[in-house]
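The values are calculated or read from the model by the stated rules, or taken from the named source; none is laboratory data. Quantities reported herein were computed from a predicted structural model and do not represent experimental measurements. Cβ placement follows ideal geometry from the backbone for every residue including glycine, while neighbour counts extend to all protein chains displayed. Each accessible area value is taken on the protein alone, full model and side chains, heavy atoms only, with ligands, DNA and RNA left out. Shrake-Rupley method; radii C 1.70, N 1.55, O 1.52, S 1.80 Å.
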Amino acid sequence: MKEIKDQSFGGERPLFESHDLRIVNVTITEGESGIKECSNIEADHCHFYGKYPFWHVKGSKITHCYFAPGSRSAIWYSDDMVMEDCVIDGPKFFREMNNLTLRNVTINDADETFWNVNGLTIDNVTLHEGTYPFMGCRHIRVNGLKSDSKYVFQYVKDVEIHNAHITTKDAFWEVENVTIYDSVLDGEYLGWHSKNLRLVNCHIGGEQPLCYADNLVLENCTFDAACDRAFEYSTVEADIRGHIESIKNPASGHITADSIGEIIIDENIKDPADCVIVEKGK
C-alpha cells in the first residue's frame, strides 16, 4: 500500500482515482472532491476542510481525523467504510451507502446526516444539533448513542438500539421492526405511525407518545410525568412500571401499569376498541 505523509492538497480532485493508499497527517484544504472514485483507502490523523472529500470510495478506514464545517456532504456513495475516533463539524454526512461502521465519533452538526444507509453499525457516537438524522436507513445496530438532534430515526427499518439517550421531537416515525433496549427517549410525539416497535427497559418522556402504532410492545418501561394521552389509536401490549399520567383511546391490546392518572375513552376511539387497561394499584 502506498503511503503519503505530512502533505497538503487542495483544488479539484487532488487524489482522484487513488487505490491502495494510506494517508497520514494529510490536510485536504478548500476545494472539492479530494478523494473520489477511489478504493482501499486509509486516512489517519488527517484534516478535511473542502467539500465532498469522500465520494464513490470502495473500502476505507478513517481514524483520528477531523472534518471541518466546510466539509459538508463529505461522505456519499461510499461502501464498506469504518470510521473511528473522529470529530465531524460539517452537515449532511453519510448518504446512499452500504456497510458503514462508526466507533467513538462525535458529530457536532448532524443536520440531514445518515440518509439511506443500508447496514449501519454505531458504537459510542454523539450527535448534536440538526434535523432528520438516519432518514430511511436500513439494518441499523446501535450500542451507545447520545443525540439532541430533532426528528431522528424516521422511515427506518430493521433496527436494534442499546444504551441510547435521545432528546428529540417526532422520533421513530413511520418505522418498522425496531427494538430499543435500556434507553432514555425524551421528546414529543414518539413513535407515531410505527409498525413493530418494541421498547425494553426504557424511560419515555414527552407529550403524546406512541400513537397510531401497530403492534407496539413495551416491556418493563417507565414514563416521565410530562407524558400524557399515550397510545391513542394504537394496538399495544404494554407493561409499565410506576405511574403514567394519562392513556387515551388505545385501539386494542393490553396495558398494565402500577398507577394511571387518567384513562380517556371517548366517542372518537377506533375499532375494535377492546384494549384491556389494568391499574395494578387498585
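Select the strands (runs of 3 or more DSSP E) contained entirely in region 17-97, then report the ones holding at least 1 residues which are open to solvent by 40 Å² or more (accessible area, probe 1.4 Å) and under 24 Å from Gly136 (Cα atoms). Show your work before the answer.
On the way: elements: 19-24, 27-32, 35-44, 54-63, 79-88.
It comes to 54-63, 79-88.
So, Gly136, is that one at pLDDT 95 or above and surrounded by fewer than 22 Cβ atoms within 10 Å (Cβ to Cβ) or not?
On the way: at pLDDT 95 or above: yes; surrounded by fewer than 22 Cβ atoms within 10 Å (Cβ to Cβ): yes.
Here the answer is yes, as Gly136 does meet what is asked.
Inspect region 256-267 for any residue being open to solvent by less than 10 Å² (accessible area, probe 1.4 Å), in contact with an Asp or Glu (Cβ under 8 Å, 6 or more places away or on another chain) and farther than 22 Å from Lys169 by Cβ and give the result as yes or no. Can you show your working first?
First, the residues of region 256-267 that are open to solvent by less than 10 Å² (accessible area, probe 1.4 Å): 257.
Adding the requirement that they be in contact with an Asp or Glu (Cβ under 8 Å, 6 or more places away or on another chain) leaves 257.
Now drop any that are not farther than 22 Å from Lys169 by Cβ, which leaves 257.
Yes - at least one qualifying residue is present in region 256-267.
For region 96-122, name all the residues that are under 20 Å from Asp148 (Cα atoms) and charged (D, E, K, R). Spell out how you get there, then give the answer.
First pass over region 96-122, keeping only residues under 20 Å from Asp148 (Cα atoms): 102-115, 120-122.
Residues satisfying the conditions are Arg103, Asp109, Asp111, Glu112.
Just for region 173-188: of the residues that are surrounded by fewer than 18 Cβ atoms within 10 Å (Cβ to Cβ) and either within 19 Å of Asp148 (Cα to Cα) or under 12 Å from the mean Cα position of the chain (by Cα) (or both), which one is modelled with the lowest pLDDT?
Checked region 173-188; the qualifying residue modelled with the lowest pLDDT is Glu188.
Assuming Thr168 fulfils every condition listed in (1) among the polar types (S, T, N, Q); (2) at pLDDT 95 or above; (3) within 12 Å of the chain's Cα centre (by Cα); (4) open to solvent by 10 Å² or more (accessible area, probe 1.4 Å) apart from one, which condition is it?
(2)
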